[in-house]
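The values are calculated or read from the model by the stated rules, or taken from the named source; none is laboratory data. Small disclaimer: the values here were computed from a predicted structure and weren't measured. FYI the Cβ positions are ideal-geometry reconstructions off the backbone, even for glycines, and counts take in every protein chain you see. Note: accessible area is taken over every heavy atom of the protein model, side chains too, but ligands, DNA and RNA are not part of it. Shrake-Rupley method; radii C 1.70, N 1.55, O 1.52, S 1.80 Å.
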There are 2 protein chains.
Amino acid sequence: MAGRNANAPRILIVGGVAGGASAATRARRCNESAEIVIFEKGPYVSFANCGLPYHVGGEIEDRDKLLVATPELFQQRFNIDVRVEHEVLSIDRENRSIKVRGPHGESNEPYDRLILSPGAEPIVPPFAKGTFKNVFNLWTMPDMDAILSRLGKAAPKRAVVVGAGFVGLEVVEQLQRRGLDVSLVEKSPHVLPPLDVEMARIVERELRDHEVDLHTGNGIAGLRSNDGIASAAVLDDETNLEADLFILSIGVRPRTKLAADAGLEIGEARGIRVNESMQTSDPNIYAVGDAVEYEHGVLHRPARVPLAGPANRAGRIAGEHAATGRSSAMASVMGTAVVRVFEKTVALTGISETMAKREHKRVRSAIIRATNHAGYFPGAEPLVLKLIYEEGFGRILGAQCVGGEGVDKRIDVIATAMHFGATVEDLAGLDLAYAPPFGSAKDPVHMAAFVAANDLDARPPLLPPGTVLDGYQVVDVRTASEIETLPLKGAVHIPIDELRERANEIDPKRPTVVVCHSAKRAHVGAMLLCGLGFQDVRNLTGGMSIRSLVEPVGESTT
Amino acid sequence: MAGRNANAPRILIVGGVAGGASAATRARRCNESAEIVIFEKGPYVSFANCGLPYHVGGEIEDRDKLLVATPELFQQRFNIDVRVEHEVLSIDRENRSIKVRGPHGESNEPYDRLILSPGAEPIVPPFAKGTFKNVFNLWTMPDMDAILSRLGKAAPKRAVVVGAGFVGLEVVEQLQRRGLDVSLVEKSPHVLPPLDVEMARIVERELRDHEVDLHTGNGIAGLRSNDGIASAAVLDDETNLEADLFILSIGVRPRTKLAADAGLEIGEARGIRVNESMQTSDPNIYAVGDAVEYEHGVLHRPARVPLAGPANRAGRIAGEHAATGRSSAMASVMGTAVVRVFEKTVALTGISETMAKREHKRVRSAIIRATNHAGYFPGAEPLVLKLIYEEGFGRILGAQCVGGEGVDKRIDVIATAMHFGATVEDLAGLDLAYAPPFGSAKDPVHMAAFVAANDLDARPPLLPPGTVLDGYQVVDVRTASEIETLPLKGAVHIPIDELRERANEIDPKRPTVVVCHSAKRAHVGAMLLCGLGFQDVRNLTGGMSIRSLVEPVGESTT
């Protein structure tokens, strides 16, 4: 134990942002005798990395607000020695020491416990690795300062943001807020790849409504430049997007080199492998944050989830365990996330339907439209909620929600239920708070669960929004004016309130799909037809409001 | 089966609001062949009873918006026969028929399945049972219309609202909104009796800040009146509150007479006893809504929960079971509720600490102050969250939250976790959505769970906010200016960042309590003192911000 008392370990922490800072303060609170040192490669510890885009856009006005805790506070309140601009070069596990390079040279620092919180680093394509004056990542305070400096000096008018993940979307919004014209480039077929396509389409509509020039299914192939100034992004399809500012937000790569070089086990998800106490394959070395693998609550295998929430919780656990030898167990993570995109909120948890299929899960899904609170109360905002669940028992695999107020609440409720392995029936029975300004007696979460439960009971089965309907007798129960607004070819039109009388106009033996705007009336109609002896009736989940967002794809009609 | 096909039962429903309306439409969707009739005593079915106060205040402008579904819609879309102004007088279980009195006389109606959704009725004290022209309940559309008519005709200036439950508080807010001066009378020692006192005090402060004249711990004893016009409420302590409008919102009584007269079992909570399919002691008769007993998820015994959410969910289950002979099971209820009180949102789930003690549970509690989202992001609003949990394993018994934006979300998350019998550790591990506009990497739910987990681990134990501190060495770690604003007598003042150096000024052998504004720095300080060998250190939960709301009460100092 580095020559020290077992109750007073020397705890070294590599990386002083989310996970590392949480580990350090928790370690101190649990052990006043420990010696605790944080080595941070960059110039700042404990900064609000999730806030960076919002200072770029000026929504967070005061830069100092991003500095959540200073080295001085760590020292004074917690007796924690913070050494910024100190890079940890290597770990000598046998002698329990690390080699550190700081402004005044290299040194070896002995440890009893080592906590790695190295984070991740932005992926930069080779062609962007030069020293362009107007091409940036946005991952650290210095990144942000560089962007702001460029915005100040060169007053760019047009920006290209590459990558439509969480950070990319926040940057797009904030650059628009500053008055720039923004193009957004995403290699995947739709923005926010963790979403299913129909949900992503709603986000894309929001982007277009705010005049974002959107290029999906189109990666960046190169940059045209002159004298260190990039002048255009060249896309895979050879489109040239001229601009005077470029932000790359393509993704991040876990910083595992230090751990791997020391022989610590790296998992199949290419993160540092840890146990539930956040110990690596060396029990004296812990790891937390973007560089590690967490147990995924839906996939039931280790996965990387580079988000601030798990990093903070894992840091707390590692800090306690390093300081005392015990801790609670790190809970599995669901990948729950939320992002604001102009007037819309987009949130998700668990896995998408696309991913569930890739995992060979027997998956079904239901999409509902609802308002965040009672429709009769002023200010109700619409939301679309998709629930993804397994056939059979209906275990919830994931959920996605896009809308205004209250989107984050519904996803948090579902993520909470998923923590306990919830089924569709569990969601349907939740006792949620209701008053007209806050919800509905049947909350959107209930409605989605009711729809899913009906689907699981084949009452009636749901069809995905993009299903090719050629093999079906399609019964459109909308009003004439709804149909005019959003036509559906080849359908028999019988308004819902006439369906009972006019059911004899359609063939009870043919496979039938009932369609309305949001699938609510269609459910009533489909059940009615079932009750009248129709042999194979389906409901198109989400109705025309969702189908109109996607191209029909060739699914079997059975 | 009333002479009919078993697959085409005649289903009669008594009461056409929340539970009854849900039962009827669900029954139809599940069984196209059933004959379904709703008998509703009042003139409206399926009206938004939770919206009534908001139309009184004018926040919901259009009265028609409160009529969620009309008899015509029931008929046209669902082939459901709605008979308003039909009172069901008695049930003949042997012959499966009910006696009904409508506008055109009495009749007997046979049933195969009967669903009772009679609701509750407002409790009216004897002295208010006359025909005062200016004394009202607010429970039905006609009640609301009568109040609005009085407001229009007599233009009252001063109102007395009796009863500070959910409806009472909504009425107070809405009458203020119309420009009336409002007095609020509550017999219990504080508003919203399901809350614990310190949380209720925050609500009371909000009421006073909006110039509500508040009288707690003081019931109404009588009315002074002249010529059918009440002129003052006389309280238990003989205070006279002069006013020209009186709204009674004292509570409700379940309408169980019809069921009881028919020999159906009434439970210990004085509601109609039902099983998980909502069947009464007669399996052909179902009951739902305010008149029944639900299984309480914390108390694990039947309880009445007169709220719209459970009524709607129970109605759906009863409707399906009556129509098909099967259904999912009604989940236990937690009594989750929310109410807006001016700028504050107040939400709760499970049971209060007061009630837990009455139930002889070994209960502990933690109170935190946090903001609804990252403090560095503009518009963060404070909230206070109280978590109530059992000693030992830390099963969650309840939660209460008062604040602005995001209060309902935290209570819904905790209520969802409680559905699964969650512990404090479960809450600490939830993977909740985080981005700066929506939450914090450590959400208030996590923070409350962390504080509770520390308490359960005696790291350090928490003291209730009102604890008498005479026996303790009190260490106040706030800044001098904080102490000036909110003084605490008899404390040693050592600012948190000086505590490590100055700990020698205090006695490590004396029972010690550390105090700050919100209990966060006090936690750091208490752990520091523990680490320095102090033998008995406590933290005052919620800190001075909560203690300042309550009178210290005589608790033992151990």
Is it the case that residue A:362 is surrounded by fewer than 24 Cβ atoms within 10 Å (Cβ to Cβ), under 28 Å from residue B:51 (Cβ atoms), of a type outside the set (Phe, Trp, Tyr) and more than 14 Å from every other protein chain (Cβ to nearest Cβ)?
no
Please tell me if residue B:517 is modelled with pLDDT of 95 or more, open to solvent by 60 Å² or more (accessible area, probe 1.4 Å) and under 31 Å from the mean Cα position of the chain (by Cα).
yes
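Per-residue answers, yes or no, for (1) more than 26 Å from residue B:154 (Cβ to Cβ); (2) basic (Lys, Arg); (3) in a helix (DSSP H, G or I):
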{"site": "B:173", "(1), (2), (3)": "no, no, yes"}
{"site": "B:184", "(1), (2), (3)": "no, no, no"}
{"site": "B:188", "(1), (2), (3)": "yes, no, no"}
{"site": "B:191", "(1), (2), (3)": "yes, no, no"}
{"site": "B:205", "(1), (2), (3)": "yes, yes, yes"}
{"site": "B:211", "(1), (2), (3)": "no, no, no"}
{"site": "B:215", "(1), (2), (3)": "no, no, no"}
{"site": "B:221", "(1), (2), (3)": "no, no, no"}
Which one of these does residue A:483 not meet: (1) open to solvent by 20 Å² or more (accessible area, probe 1.4 Å); (2) within 14 Å of chain B (Cβ to nearest Cβ); (3) touching a helix residue (DSSP H, G or I) at 6+ places or on another chain (Cβ under 9 Å)?
(2)
Given the conditions (1) open to solvent by 60 Å² or more (accessible area, probe 1.4 Å); (2) modelled with pLDDT of 95 or more, which single one is not true for residue B:476?
(1)
When you scan the range B:281-296, how many residues do you find that are open to solvent by less than 10 Å² (accessible area, probe 1.4 Å) and either in contact (Cβ under 8 Å) with a residue 40 or more places away in the chain or more than 19 Å from residue B:165 (Cβ to Cβ) (or both)?
8
Conditions (1) open to solvent by 30 Å² or more (accessible area, probe 1.4 Å); (2) within 14 Å of another protein chain (Cβ to nearest Cβ) -> residue B:108 fails only (2)
Condition (residue is open to solvent by 30 Å² or more (accessible area, probe 1.4 Å) and under 30 Å from residue A:528 (Cβ atoms)) applied to the range B:337-354: is it met by at least one residue?
no
Matching residues, the range A:33-47, being in contact with a Lys or Arg (Cβ under 8 Å, 6 or more places away or on another chain) and either crowded, with 22+ Cβ neighbours inside 10 Å or in a loop (DSSP other than H, G, I, E, B) (or both):
A:34, A:36, A:38, A:39, A:40
So, residue B:464, is that one more than 14 Å from chain A (Cβ to nearest Cβ), open to solvent by 10 Å² or more (accessible area, probe 1.4 Å) and closer than 28 Å to residue B:372 by Cα or not?
yes
Quick check, is residue A:150 surrounded by 14 or more Cβ atoms within 10 Å (Cβ to Cβ) and more than 27 Å from the chain's Cα centre (by Cα)?
yes
Just to be sure I understand, how many residues within the range A:97-134 are more than 30 Å from the chain's Cα centre (by Cα) and either closer than 29 Å to residue A:69 by Cα or not in a loop (DSSP other than H, G, I, E, B) (or both)?
17
Can you go through A:130, A:165 and tell me which one is small (Gly, Ala, Ser) and either buried (at least 18 other Cβ atoms within 10 Å of the Cβ) or closer than 25 Å to residue A:354 by Cα (or both)?
A:165
Filter pass, residue B:416 being free of Cβ contacts under 8 Å to residues at least 12 places away in the same chain and open to solvent by less than 10 Å² (accessible area, probe 1.4 Å)
yes
Test residue B:94 against the criterion of being free of Cβ contacts under 8 Å to residues at least 24 places away in the same chain and either open to solvent by less than 50 Å² (accessible area, probe 1.4 Å) or not polar (S, T, N, Q) (or both), and give yes or no.
yes
Can you work out which of the residues in the range A:365-379 that are in contact with a Ser or Thr (Cβ under 9 Å, 6 or more places away or on another chain) and among the hydroxyl-bearing types (Ser, Thr, Tyr) is surrounded by the fewest Cβ atoms within 10 Å (Cβ to Cβ)?
A:371
Which of the residues belonging to the range B:321-332 are within 13 Å of another protein chain (Cβ to nearest Cβ), surrounded by fewer than 24 Cβ atoms within 10 Å (Cβ to Cβ) and not polar (S, T, N, Q)?
B:326, B:329, B:330, B:331
Just a yes or no: is a residue in the range A:253-272 under 19 Å from residue A:327 (Cβ atoms), crowded, with 18+ Cβ neighbours inside 10 Å, in contact with a Gly (Cβ under 7 Å, 6 or more places away or on another chain) and not assigned by TED's automatic domain parsing to the domain that holds residue A:352?
no
Quick one: would you say residue A:318 is buried (at least 21 other Cβ atoms within 10 Å of the Cβ), more than 30 Å from residue A:204 (Cα to Cα), more than 10 Å from every other protein chain (Cβ to nearest Cβ) and touching a residue at least 40 places away in the same chain (Cβ under 8 Å)?
yes
Name the single residue, out of those in the range A:19-71 being acidic (Asp, Glu) and within 29 Å of the chain's Cα centre (by Cα), that is farthest from the other protein chains (Cβ to nearest Cβ).
A:40
Based on this model, can you work out whether residue B:458 counts as within 14 Å of another protein chain (Cβ to nearest Cβ) and open to solvent by less than 50 Å² (accessible area, probe 1.4 Å)?
no
When the range B:507-553 is examined, which residues are found to be basic (Lys, Arg) and more than 30 Å from residue A:7 (Cβ to Cβ)?
B:547
Being out of contact with any helix residue (DSSP H, G or I) (no Cβ under 9 Å at 6 or more places or on another chain), farther than 23 Å from residue A:551 by Cα, modelled with pLDDT of 95 or more and facing chain B (nearest Cβ under 10 Å): is that true of residue A:404 here?
no
Go through the range A:214-245 and report how many residues are open to solvent by less than 60 Å² (accessible area, probe 1.4 Å) and of a type in the set (D, E, K, R).
1
Just a yes or no: is a residue in the range A:189-206 farther than 19 Å from residue A:346 by Cα, open to solvent by less than 40 Å² (accessible area, probe 1.4 Å) and touching a helix residue (DSSP H, G or I) at 6+ places or on another chain (Cβ under 9 Å)?
no
Taking residue A:402 as the residue in question, decide whether it is of a type in the set (Val, Ile, Thr), touching a residue at least 12 places away in the same chain (Cβ under 8 Å) and in a strand (DSSP E or B).
yes
Looking at (1) at the interface with chain B (Cβ under 7 Å from one of its Cβ atoms); (2) in a helix (DSSP H, G or I), which is the only condition residue A:435 fails?
(2)
